[in-house]
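Coordinate-derived values only; no laboratory data. Values in this document were obtained by computation on a predicted structure and should not be read as measured data. As a convention, Cβ positions derive from the backbone with ideal geometry for all residues, glycine included, and neighbour counts pool all protein chains shown.
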Amino acid sequence: MDEQIALELRNISKFFGPVAANKDISFSLKRGEILALLGENGSGKTTLMNMISGIYYPDEGQIFVNGKPAVISSPQDAFRYKIGMVHQHFKLIDIFTAAQNIVLGVRETKRYSARRINEQVGKIASKYGFEIDPKKKIYDMSVSEKQTVEIVKVLYRGADILILDEPTAVLTPQETEKLFAVMRAMKEDGKSIIIITHKLHEVMAISDRVAVLRKGEYIGCVNTAETSEAALTEMMVGQKVELNIERPLTEHARPLLEIRDLCIKNDVGSLAIEDLSFFIRGGEILGVAGIAGCGQRELCEAIAGLRKVESGGIYHEGESIVGLSPKAIYEKGVSMSFIPEDRLGMGLAPSMSVTDNMMIKNYQDHGFGFRPRSVDAGDKSFRAAGRRCVNAVGGFFDRHWAFVNRRLARSEARRVIEELDVSTPSTETPVRRLSGGNVQKVLLGRELLNKPNVLITAYPVRGLDINSSYLIYDILNRQKKAGTGVLFIGEDLDVMLALCDKIMVLCHGRLMGVVHAEKTTKEQLGLMMAGALDLQEEKGKQMGVAKDTQIGEGETWNE
């Protein structure tokens, strides 16, 4: 390997007020190598990469590109130094083609020619082994195709240094292998790559070296061939962490919820879920595997009473709960908690404190005083002003109560912070100021305060560090032992195989099969997710299909 240094950071620091996001960080990236960047949530990885890609500017220190000092104050500057970053959340325009997205923002010296651009994109694709149709619209693409467009976009701009932020988060195992093959081809061509990921087995498989950050400081860099997952975890956390996910044995209770022939539409009116039947047992974790956008979000929202069901049924003890509000579902005897994928947009109120987020779901339970006569429950002006407003004494005033008791909510916030080890200055800190892992802990803690018998959780460890992830796995197992039925939507198949009792696989909203986790493989799940394997009776017997999970015609609860 060429030992020439492509990128070097010397004593880089970045401060946000009194908080040091990065402090005196120095490390280098060699030409033609893949460097993995690891660290817990809030360790400063994204801030550091944002300085390299021109989104932030360092307060102290210097960046060198190919041995020469570089001043990077904007993404345009980064491209001039041949640095490109592929963000976890794609920056694409859906109604444009792949080629149009790739050239968007590029100052061409020649007149725009679709044919010439398509040819250039094709050359890049063939050189590195990409599969891409330059004429295809973004809205018609799978997640892996969109990621390909993002990578080709930075290569089209001449990037020699690429930063990939969680590139495998929503890919199947087969798609991940294709991406790794492309990364190896780019490495052979002399490209230098920094990959941010929390999946340690991927770090061991693809990287040459691993750099570790902890609490904004640089801990060290090790050769991948000379380390292990346990050693890397200890470097990140500062102490040994057991990397074993338990699957405790429980006596599965009778089904808590039955879903039969369910059809749900997405936001644009197309079928997201088609004729889906299964049930959720108490004391069992049922995983849901599928490529992102295969109806997982719509399924969760429909079960939780937040999305309209087109046809089919959701039953509790034989009684339909379709069309009921979350409160009405609770009154039917189903204590349900829903942890959505969008933590800050849907799960929590980002500008409100940890304390106030504790009582968003059940603020009526915190109420006291009298119902004001001057406020009509149906008054439109009151509803327009919001259900609650902050008053002079720091309580909440709503149409049912004069005030709510923040003392009880504050006590609940302290309990969540202590039990889940939430890193926050105080219970009154707005949740938007917390790192992703701590935001997830606040959301999970609030939902568990309700002692649910059904827990629906979508991508609960997405973007979380290894320590926080294993804490959440442990919490889910505790809920399972308590008799809770857990519906677990995940993206890491290794985790699902270790954590879940059974796994239901979706492809484009259709059920590909339900399998026992201990009797199947990651490769088989990947084929089912891609639609290449639709379980039939004979194949089901070989793979251990969990026939008791899917209720068929004429079957009863006890079967």
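When peptides 188-198, 266-276, 53-63, 147-157 are ranked by their average number of other Cβ atoms within 10 Å per residue, the highest-first order is 147-157, 188-198, 53-63, 266-276.
Listed by chain and number, the aspartates and glutamates whose C-alpha is less than 19 Å from the C-alpha of Lys481, apart from same-chain residues fewer than 8 away, are Glu246, Glu251, Glu284, Glu419, Glu447, Asp501, Glu518.
Take every DSSP beta bridge whose two residues both sit in the chain, then give the antiparallel share in percent to the nearest 5.
Working: 49 of 85 bridges.
Here the share of antiparallel DSSP bridges comes out near 60 percent.
Size descriptor for segment 412-518, Kirkwood hydrodynamic radius: 15.0 Å (Cα pairs only, one decimal). For the pair segment 228-268 and segment 300-360, the centres of their Cα atoms are 20 angstrom apart.
Comparing Val334, Ser73, Pro248 along the charge dipole axis of the chain, the residue lying farthest to the positive side is Ser73, per the Cβ-charge model. Given a cut-off of 23 Å, name the pairs among Lys82/Lys153; Lys137/Lys199; Lys441/Lys480; Lys82/Lys110; Lys14/Lys199; Lys45/Lys178 whose C-alpha atoms lie farther apart than that in the structure shown. Going by Cα-Cα distance, Lys137/Lys199; Lys14/Lys199; Lys45/Lys178 fall outside the 23 Å limit.
Peptides 430-440, 95-105, 279-289, 342-352 ordered by packing proxy, namely the average of other Cβ atoms within 10 Å per residue, highest first: 279-289, 430-440, 95-105, 342-352. Across the options Ser28, Thr97, Ser43, the greatest Cα extent toward the positive end of the charge dipole of segment 5-237 (unit charges at beta carbon of Lys, Arg, Asp, Glu) belongs to Thr97.
When shorter helices are ignored and each DSSP H run of at least 4 residues is given -39500 (n - 2.57), the per-residue value for the chain at 222 nm works out to -9000 deg cm²/dmol. Subtracting the Cα-Cα distance of Leu271 and Glu177 from their residue separation scaled by 0.36 nm leaves 30.8 nm. In loop segments of segment 31-104 as defined by DSSP, the trypsin sites (Lys or Arg not before Pro) with at most 13 further C-beta atoms inside 10 Å of their C-beta are Lys91. In plain terms, the bigger the Kirkwood radius, the slower the diffusion; for segment 5-237, with that radius from Cα pairs, at 10 °C and 1.306 mPa s, Stokes-Einstein puts D at 87 µm²/s.
How many percent of the alpha carbon pairs in the chain exceed a separation of 32 Å?
Working: 80189 of 155961 pairs.
The share of Cα pairs beyond 32 Å in the chain comes to 51 percent.
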